[in-house]
Amino acid sequence: MDSIEAEKNQIPEIKNPDEIIFLGTVLGVFLVVQKDDSLYLIDQHATHERILFNKFIENMKRSQKLLFPYVIETQSDDDDEYLKSVSDQLHSCGFSLHSDGTGRWEFSEIPANYIGTEESLAEDLLGKHIPPQDLLYSLAAKTACRGAVKDGTFLDAASAKDLAVQAFSLTEKTCPHGRPLWVEFSKDNLFRLIRRTE
Ligand SMILES: [Zn+2]
């Protein structure tokens, strides 16, 4: 393993958040951050996605009662069968659902950290019939994507810094789709690139 590889595998632990210096946002996506002896380009959407994803999973048992239940009208018997087959999973993550047997499903409670309208819930559940064992992951990923700060959204310095601090404290350094949250350019590496020696 050469030294660059070794460096990549060594994600610095955060000792003091003040070591993180937020320098600005570039290309509508990346938070530019200096930490220790490295420059980081942090993907703001992917990082926020990971944070919201974790929050959804951690708070799965907590529900929010809806004043007006979400109603999903199924389009086929297949849809009804599918919702029946995943009811246990849905209950376990905080949904309360009931069908009157005519293809009308009422959701009186949804998970506290679910972000989405009645339409998005219908799409999340019936757009593709996700296998039951993958459904909670898929719901968490969709809710996270929907709630995460979008490309082109400009975060103020305090929020950006806060997101960067949270990024470095995450255990998983990827978004729910498996993409890395940032790229790191170490000072050594940058110096090497411009053939500079200290
Ligand atoms: Zn996304």
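Computed from the coordinates by the stated procedures, all read-outs in this text should not be read as laboratory data. Computed from a predicted structure; not experimentally measured. All Cβ positions, even for glycine, are placed from backbone atoms using ideal geometry, and neighbour counts span all protein chains on display.
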So if I place +1 on the C-beta of Lys and Arg and -1 on the C-beta of Asp and Glu, and nothing else carries charge, what would the dipole magnitude of segment 62-147 be about its Cα centre? I want it in debye, nearest 20. 480 debye
So for the chain, using the alpha carbon gyration tensor with a ≥ b ≥ c as root eigenvalues (a/c under 1.5 gives rounded; past that, a/b versus b/c decides prolate or oblate), I'd call it prolate
If ARG196, ARG146 are placed from fewest to most neighbouring beta carbons inside 10 Å, the sequence is ARG196, ARG146
Fraction in percent of alpha-carbon pairs per bin - 10 Å, segment 93-195: 11, 31, 28, 17, 9, 3, 1, 0
Extension gain ASP188-GLU73, at 0.36 nm per residue separation less the Cα-Cα distance, in nm? 35.5 nm
Dividing the convex hull volume of the alpha carbon atoms of segment 62-147 by its residue count, what do you get in Å³ per residue? 84 Å³
Taking the chain and counting helices only, DSSP H stretches of n ≥ 4 at -39,500 (n - 2.57) each over all residues, the nearest-500 ellipticity at 222 nm comes to -12000 deg cm²/dmol
Would you list, by chain and number, the lysines whose Cα falls below 30 Å from the Cα of LYS35, excluding same-chain residues fewer than 8 positions away? LYS8, LYS15, LYS55, LYS150, LYS161, LYS173, LYS187
Here FRET efficiency (C-beta to C-beta, SER138 to THR102, R₀ 25 Å, nearest 0.05) is 0.40
With point charges of +1 on the Cβ of Lys and Arg and -1 on the Cβ of Asp and Glu, referenced to the Cα centre of the chain, which listed residue (MET60, GLN133, GLY101) lies farthest in the positive direction of the dipole? MET60
Treating cross-link reach as a plain straight distance, find the lysines whose alpha-carbon is under 19 Å from the alpha-carbon of LYS128, omitting any fewer than eight places away in the same chain. LYS84, LYS142
